[in-house]
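The values are calculated or read from the model by the stated rules, or taken from the named source; none is laboratory data. Keep in mind that what you see is a predicted model, and the values were worked out from it rather than measured. For neighbour counting, all protein chains shown are included, and Cβ atoms are generated from backbone atoms with ideal geometry for every residue, glycine included.
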């Protein structure tokens, strides 16, 4: 799990738990990941497999996944997790993809950035970390 | 559409188009919406209906919607749109919900904030606007 990130609960039966960082309680870590100069952004099966790899490597649990191909270009997809979600929207004509990785609890969302950068051969990646639900009451 | 937001294309056949603001091209507008002191966060049918209302009022097109109930509390859901997605994760025990509204093209994502605040009787709402894919090549 990310350094300094402590699961609010490790009760396996509790599928939607919060996290704490530096003593402040949050609902989860939301990574906003933008890939530029990326490839294979119209390959729906490859995109789904890469999302499934992110879920597995992050130690998350996949509940539901759905990807939609657009004509002439582009894919949108969402993976609903026990720990929140991963989403993707691609603009192959621009070699750009917008991913979100939102996870709570005892997971490693940060591993997804390298998996995505490598899989889609991105020239540049921008990752913004949002801590959602700061100070939500215990 | 939001003031200053110009669709990159109004070609109805192009389901995944970019937007421009102040002459800079973006993939879309991503609203990070946190509801605090909110209610009805365990009512899955009400949550789905509210998400569908957001899609309709924003002028977006629903392609797929899936919501998952957690035990003992909480709902996660995603709506895949022709214009990107809406996601929700709720922590009813904390009266907290995390929504994302990511839309591109000729839509009105900003209307969703008031719809969500009113529907879930939130005491406080925090809305952060992210412009995704800044400067992606045309």
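Structure values in brief
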quantity	calculated
Residues of the range A:79-121 classified as touching a residue at least 24 places away in the same chain (Cβ under 8 Å), over 18 Å from residue A:45 (Cα atoms) and out of contact with any helix residue (DSSP H, G or I) (no Cβ under 6 Å at 6 or more places or on another chain), total	15
Any hit, the range A:122-131, residues being over 12 Å from the mean Cα position of the chain (by Cα), more than 8 Å from chain B (Cβ to nearest Cβ) and on the phi > 0 side of the Ramachandran plot	no
Candidate set from the range A:54-72 (those that are at the interface with chain B (Cβ under 9 Å from one of its Cβ atoms) and modelled with pLDDT of 95 or more); member that is nearest to residue B:62 (Cα to Cα)	A:68
The range A:4-34: number of residues that are in a loop (DSSP other than H, G, I, E, B) and modelled with pLDDT of 75 or more	3
Unmet criterion (only one of (1) modelled with pLDDT under 95; (2) more than 8 Å from chain A (Cβ to nearest Cβ)) for residue B:86	(1)
Condition met for residue A:131 (over 24 Å from residue B:19 (Cα atoms), in a strand (DSSP E or B) and in contact (Cβ under 8 Å) with a residue 40 or more places away in the chain)	yes
Every residue from the range B:91-112 that is farther than 13 Å from residue B:37 by Cβ and surrounded by 19 or more Cβ atoms within 10 Å (Cβ to Cβ)	B:98, B:99, B:100, B:101, B:102, B:103, B:104, B:105, B:107, B:109, B:112
Residue tally, condition part of a strand (DSSP E or B) and at negative phi, over the range B:52-104	30
Failed condition for residue A:37, given (1) surrounded by fewer than 22 Cβ atoms within 10 Å (Cβ to Cβ); (2) in contact with a strand residue (DSSP E or B) (Cβ under 7 Å, 6 or more places away or on another chain); (3) over 18 Å from residue A:121 (Cβ atoms); (4) at pLDDT 95 or above	(3)
